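The values are calculated or read from the model by the stated rules, or taken from the named source; none is laboratory data. Predicted, not measured: the structure shown is a model, and the values here were computed from it. Ideal geometry is used to build each Cβ from the backbone, glycine not excepted, and the neighbour counts take in all protein chains shown. Keep in mind that these areas ignore ligands, DNA and RNA; they rest on the heavy atoms of the full protein, side chains included. Shrake-Rupley method; radii C 1.70, N 1.55, O 1.52, S 1.80 Å.
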Amino acid sequence: RACGIGGEIFRRDAFWFFSAFREGSWWAMGFKDEDGLFPWTEGQMNDGVEIVKQKIMSGDEVERYMVDETLTEIQLCEHLLTAGLVVQLQNGITRIPRILKVQGRKGYDAMLPFLTKAMEDFDEDDYILLGEAYTDIVSHQYLSAKDIEECILPTVLRVIQKATDSEVLNSYLSLLHEMIPLLDPSILEESVIKLALARGEVSETEVSRLVACRLMGAVSPRLPCGVVERTFFSKAMALCQDTDYLVRICMCEQLAPIAAAVGPEKAASTLLPEFQELLRDEESGVQMAAFEAGVALLEAKALPSDVVKRTVIPALGVGVTSVDETERLKMVQMFGRLVVAAAHFLTTDDDWAVFLQAYKDFAGSGDVSQREQAAYNFPAVLQAVGPKRYERHLHQVYTRLAGDEACEVRVRVAAGFHVVAKLLGEERANVQLMETFVKLVSDVDAEVQARMLGNIVEILLAFGEGQDTVVAAAVEAVVKAEERLGVRWRHHAAVISALPTLADHASEEALLQTLVPLCFKYISSATAAPVGAAARAALPCLVRRIPRVGPRQDVMAAVVREYARGRSCHARVAFVDLCEAFLGTFSRRFFREHLFEAAVETLSDAVANVRLRACRLLPHLKRSVQLPLDAYMLERISKACTVLSTDSDRDVSVTARVAVSSFKVAPTRGGVVPAGNKALQAEEEEDKRREKEEQEAVQNEEAGLKKKRADNALTRYFGGRRFSEVQSSGTPSSTRESRISRVESKANRSTRLSQDGLSTGLLEKASYRSRSLDVDGWGKTEALLKANSAIGGSERGKGSSSAARPKPPLDKHK
């Protein structure tokens, strides 16, 4: 058994262990002492040795398991099925779907003789294994419908007719259920119905009658109404009154498909009385099965509407209130299906009163399992009742479930909270669910928080205008959850995975002070690999949501400083993964500007694992350079490829040679993409789109800053009022234009001071001030220009001529 677990090294070592034991060479394995005896004489270890001694195979036995590797698939399957060994027989059965997938009907015909012979010695396990193989063939349709009818159906019917083991019967009945949609109705009438009628006789055993019930329900959807009434409808109704309660339960499960097959009128006249009788059965299990059958009848719409409203709905209402204590949990589990199916017939509060009271009783039960199922079914109940009745009938129930002392109940509420918010609508959700959201997202149980944060996208969409409050509460919950999660890495991963969604609506302050530092914490130092992978995937999404260029560049500089040039090799390996994540989120131009240099450095890292991981970046690095500007960088990468291909570490060199083959065919940024490579073309289009979005974001930021500076300057000049207010005032437009033109003319005059021999310091100061009119204010600039003009006038008054005086040498750097 150990040799079959898997893994080449394990199989080799296990074979050596058993071979050494068989040959008596325990000393070679360290299990002998100096006297040649076992170092133990009693206890569990000695008992284990005795068992191994009994299980050791001789050389002849090992030879029986040897198989010629030159055999074809058919020959190998024949050998395995006829060799007489149980392990080989079961292996041969599992190979049948693989053979039919390739060879189809031809392969089955070749296997049929020795498969039929092998089935004579099958036991229950072998029949179950063959049923699983046939199910695989039917579900994937490795054979056509005609071939399934001719090849597999006779075997299935023969096994169902003769088998007595319940597991074998269930396996082949499930297989027949898979086959029925593929079979012709005439074949079903001739073979399956004939078998069902034979097995459903009163003289047959209980198991036989159960098989008849299941066959009748399975074939009903495929047969016309007349065929069902003519062949087995009366027999099915008789089985509803069978003396064995298990047969009556099984017939309850078949009522819905049979009613749908015979039509509403026949079902109302003949089937409905049997259904009502089953609801009043003395066995609680039969009552529960009949109740579930009533729900199925409502879902299938198999009865007339007036009959449903007059008869079925009141009967189900009585069943909800009078359910046996042992069956209450099953009732709660199907309550959501019940109210959704019955909602069309319940129009007033009086109609809903019985069902809503029953649900409140379930939600307030002392049994945790019932409250848990009530919380699970709450979205279905709300969908059926409608949002208008929520505040009056369900709000208190939902609030109580959300604050339940059992964490299982709160987990169920959290898992369906986004559905409830969506059903209520934006307005009602903001008013009635905000408090519940804050309570759940701040729950002390980590699983409750993980469920809430996992559905944060749908929750944000449902709350609409209340997103700011939701995001603020979620960010605070993320911080608290991270602090108390401890070693539960799955919840850590769920919390980190929710960060990109929060970033879409979080403020810049929350991004920079809370979310980004949280990612930095786990990128390379996470105790579990999934947590670090989630953090590395989340960081690029957070950086892309930072609105300003300056803070974004600071974060990118920190990435390079902490990881690309970190002292730990784990940090540098994490940096390679970060490069791939940023390439999947940002454009290659952004990558070239911020991470390219550091990524090239990892190709020559001193640690082999870093170089091994960096080999994956080679094609991306080439696609990030733009010729002819980056010709030097392309040369560096090409040299790195040569060095990595001959690396002293074998894994690095092998991986590098594979990566270099992709590197050679990869185009540079902005280069020509092969016409037939649609994947590369799609990547180029996506990269252009990202680059355009990034440029537009920078331009919008610059335009906003420029507008803000201009607005501030105009506000100062017009005495504390904004320029728009001045435009709307009574000041004539000619006066405003004259003021602005006067300031502009003085600013232009300051640029001519260089021709009058103004010193270099004053020239730089004047020109800077003239370029910063919108920063320092119109009034200050006008005063500065007057001062500069006075200085120029005093210097010209000394009798020096601007034409005769030599100009000072200009510093080209300044």
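Here is a check on your reading of the model: is residue 552 in contact with a helix residue (DSSP H, G or I) (Cβ under 7 Å, 6 or more places away or on another chain), basic (Lys, Arg) and free of Cβ contacts under 8 Å to residues at least 40 places away in the same chain?
yes
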- Going by the structure shown, is residue 662 surrounded by fewer than 19 Cβ atoms within 10 Å (Cβ to Cβ) and over 26 Å from residue 566 (Cα atoms)? yes
- Message: Given the criteria in a helix (DSSP H, G or I), among the aromatic types (Phe, Trp, Tyr), within 25 Å of residue 276 (Cα to Cα) and open to solvent by less than 10 Å² (accessible area, probe 1.4 Å), does residue 390 qualify?
- Response: no
- Only one of 345, 335, 355 is surrounded by fewer than 21 Cβ atoms within 10 Å (Cβ to Cβ) and under 24 Å from residue 301 (Cα atoms); which? 345
- Out of 70, 116, sole residue that is open to solvent by 60 Å² or more (accessible area, probe 1.4 Å) and outside any helix (DSSP H, G or I): 70
- Message: What's the number of the only condition in (1) within 35 Å of the chain's Cα centre (by Cα); (2) within 28 Å of residue 554 (Cα to Cα) that residue 630 fails to meet?
- Response: (1)
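If only one of 397, 448, 411, 419 is open to solvent by less than 20 Å² (accessible area, probe 1.4 Å), within 25 Å of residue 491 (Cα to Cα), at pLDDT 90 or above and assigned to a helix (DSSP H, G or I), which one is it?
Numbers: 397 fails: within 25 Å of residue 491 (Cα to Cα); 448 fails: at pLDDT 90 or above; 419 fails: open to solvent by less than 20 Å² (accessible area, probe 1.4 Å).
So the residue among 397, 448, 411, 419 that is open to solvent by less than 20 Å² (accessible area, probe 1.4 Å), within 25 Å of residue 491 (Cα to Cα), at pLDDT 90 or above and assigned to a helix (DSSP H, G or I) is 411.
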- Answer yes or no as to whether residue 438 is at pLDDT below 90, open to solvent by 10 Å² or more (accessible area, probe 1.4 Å) and assigned to a helix (DSSP H, G or I). yes
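Listed here are the residues, each with its yes/no results for (1) within 41 Å of the chain's Cα centre (by Cα); (2) assigned to a helix (DSSP H, G or I).
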position: 143; (1), (2): yes, no
position: 148; (1), (2): yes, yes
position: 156; (1), (2): yes, yes
position: 159; (1), (2): no, yes
position: 167; (1), (2): yes, yes
position: 174; (1), (2): yes, yes
position: 177; (1), (2): yes, yes
position: 181; (1), (2): yes, yes
- Task: Report, by residue number, each residue of the range 162-189 that is open to solvent by 70 Å² or more (accessible area, probe 1.4 Å) and at pLDDT 90 or above.
- Result: 167, 170, 177, 178, 181, 184
- Task: Return the residue satisfying two criteria in turn: it lies in the range 129-161 and is in contact with a Pro (Cβ under 8 Å, 6 or more places away or on another chain) and aliphatic (A, V, I, L, M), and of such residues it is surrounded by the fewest Cβ atoms within 10 Å (Cβ to Cβ).
- Result: 133
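Can you say whether residue 610 is β-branched (Val, Ile, Thr) and open to solvent by less than 10 Å² (accessible area, probe 1.4 Å), as far as the supplied structure shows? Talk me through it step by step, then tell me what you get.
On the way: β-branched (Val, Ile, Thr): yes; open to solvent by less than 10 Å² (accessible area, probe 1.4 Å): yes.
Against the criterion (β-branched (Val, Ile, Thr) and open to solvent by less than 10 Å² (accessible area, probe 1.4 Å)), residue 610 qualifies.
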- Go through the range 292-310 and count every residue that is out of contact with any helix residue (DSSP H, G or I) (no Cβ under 6 Å at 6 or more places or on another chain) and farther than 15 Å from residue 343 by Cα. 1
- Message: Between 292, 283, 265, which is farther than 24 Å from residue 243 by Cβ, open to solvent by 60 Å² or more (accessible area, probe 1.4 Å) and among the acidic types (Asp, Glu)?
- Response: 265
- Query: Given the conditions (1) in a helix (DSSP H, G or I); (2) surrounded by 14 or more Cβ atoms within 10 Å (Cβ to Cβ), which single one is not true for residue 109?
  - Reply: (2)
- Query: Within the range 168-181, is even one residue among the acidic types (Asp, Glu), within 13 Å of residue 132 (Cα to Cα) and out of contact with any Lys or Arg (no Cβ under 6 Å at 6 or more places or on another chain)?
  - Reply: yes
- Single match in 399, 436 (criterion: within 22 Å of residue 475 (Cβ to Cβ) and polar (S, T, N, Q)): 436
- Message: Any residue that is free of Cβ contacts under 8 Å to residues at least 12 places away in the same chain, surrounded by 14 or more Cβ atoms within 10 Å (Cβ to Cβ), assigned to a helix (DSSP H, G or I) and not β-branched (Val, Ile, Thr) - is there at least one of those in the range 358-375?
- Response: yes
- residue 431 passes all but one of the listed conditions (1) touching a residue at least 12 places away in the same chain (Cβ under 8 Å); (2) hydrophobic (A, V, I, L, M, F, W, C); (3) more than 29 Å from residue 533 (Cα to Cα); the exception is number (1)
- Message: Test of understanding: among 121, 126, which residue is surrounded by 15 or more Cβ atoms within 10 Å (Cβ to Cβ) and over 20 Å from residue 214 (Cα atoms)?
- Response: 126
- Message: Please go through the range 507-531 and give me each residue that is under 22 Å from residue 546 (Cβ atoms), assigned to a helix (DSSP H, G or I) and either under 23 Å from the mean Cα position of the chain (by Cα) or of a type outside the set (A, V, I, L, M, F, W, C) (or both), ordered by number.
- Response: 508, 509, 513, 514, 515, 516, 517, 518, 519, 521, 522
